[in-house]
Amino acid sequence: TGNDSHSYAAKLREMVTRPYVFVEHKGIDATRLTDCTNYLLFSNKPGSVKLDVQDRRYFVWETPREKLDTAKGTAISRAMKSEAGMQALMHYFLNVDTSDFEPKGAPPVTQSKLAMISDGLSEVERWIASMHEHTDWELATAEELLKLFEPDETRRKLRANGMTRALKSMSYYQVNRGMGVRLTNGQQPHVFAIAASASRREEL
């Protein structure tokens, strides 16, 4: 996470789901290979990867904070280095029931994943998540929401296009297929559906 979190997140999304990867050796034409890579990302820091609110790629699991008992750790290490231990682990993996696993299904939503999503939110994204505490509007422009978020224009750091990006990252989308909505005064602002209910937003 950080200032470039969106660009890094986009690169990771592409890597996780791409069907092919191109390998290009110096002086040789690029070769297209099926990308069979699976990724395991480890970190001691919360919010280490910026995840979309509607993410469908990542499974997040937080390991216990308690340190493994020394005797148990030693026993596990010895077992894994022994022939019998490796055979037992192989037997387990060959016989574990995976009949209910759907490789292309959505990953489970854990409390750890929800926490990581929350930790990766920017200040304005966090405000949008609690937006319905500030207004009961169902429709609004980015400019109107910007005035709610930062009422003092003299100290405003965010611009309307920044609010627009944040709204889209939080799965709030423009009505009228992204086209401007013509008003009686002739203006055509871009309007977002921000109703509290997701089904209501789809109706709008």
Report yes if some residue within the range 60-83 is in a helix (DSSP H, G or I), at pLDDT 90 or above, among the aliphatic types (A, V, I, L, M) and loosely packed, with under 11 Cβ neighbours inside 10 Å; otherwise report no. yes
For the range 160-182, how many residues meet the condition of being farther than 14 Å from residue 144 by Cβ and either open to solvent by 30 Å² or more (accessible area, probe 1.4 Å) or in contact (Cβ under 8 Å) with a residue 60 or more places away in the chain (or both)? 11
Hey, among the residues in the range 27-36 that are closer than 18 Å to residue 15 by Cβ and among the aliphatic types (A, V, I, L, M), which one's least open to solvent (accessible area, probe 1.4 Å)? 30
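This table checks each residue for (1) within 23 Å of residue 13 (Cα to Cα); (2) in contact (Cβ under 8 Å) with a residue 60 or more places away in the chain; (3) open to solvent by 60 Å² or more (accessible area, probe 1.4 Å); (4) more than 13 Å from the chain's Cα centre (by Cα).
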position: 25; (1), (2), (3), (4): no, no, yes, yes
position: 38; (1), (2), (3), (4): yes, no, yes, yes
position: 94; (1), (2), (3), (4): no, no, yes, yes
position: 116; (1), (2), (3), (4): yes, yes, no, no
Residues (part of a loop (DSSP other than H, G, I, E, B), on the phi < 0 side of the Ramachandran plot and of a type outside the set (A, V, I, L, M, F, W, C)) located in the range 159-182: 159, 172, 173, 180, 182
Would you check if residue 57 is in contact with a helix residue (DSSP H, G or I) (Cβ under 6 Å, 6 or more places away or on another chain) and either assigned to a loop (DSSP other than H, G, I, E, B) or in contact (Cβ under 8 Å) with a residue 24 or more places away in the chain (or both)? yes
Please work out if residue 47 is surrounded by 10 or more Cβ atoms within 10 Å (Cβ to Cβ), out of contact with any His (no Cβ under 8 Å at 6 or more places or on another chain) and either at pLDDT 90 or above or not in a loop (DSSP other than H, G, I, E, B) (or both). no
Anything in the range 126-156 that is without any contact (Cβ under 8 Å) to a residue 60 or more places away in the chain and open to solvent by less than 50 Å² (accessible area, probe 1.4 Å)? List them, or say none. 127, 128, 130, 135, 140, 141, 142, 145, 146, 149, 150
Restricting to the range 183-204, name every residue that is in a loop (DSSP other than H, G, I, E, B) and either under 13 Å from residue 141 (Cα atoms) or open to solvent by less than 70 Å² (accessible area, probe 1.4 Å) (or both). 183, 186, 187, 188, 189, 190, 194, 195, 197, 204
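The values are calculated or read from the model by the stated rules, or taken from the named source; none is laboratory data. Source: prediction; values computed, not measured. No Cβ is skipped: glycine too gets one built from the backbone with ideal geometry, and neighbour counts run over all protein chains shown. Areas reflect the complete protein model, heavy atoms only, side chains present, ligands, DNA and RNA absent. Shrake-Rupley method; radii C 1.70, N 1.55, O 1.52, S 1.80 Å.
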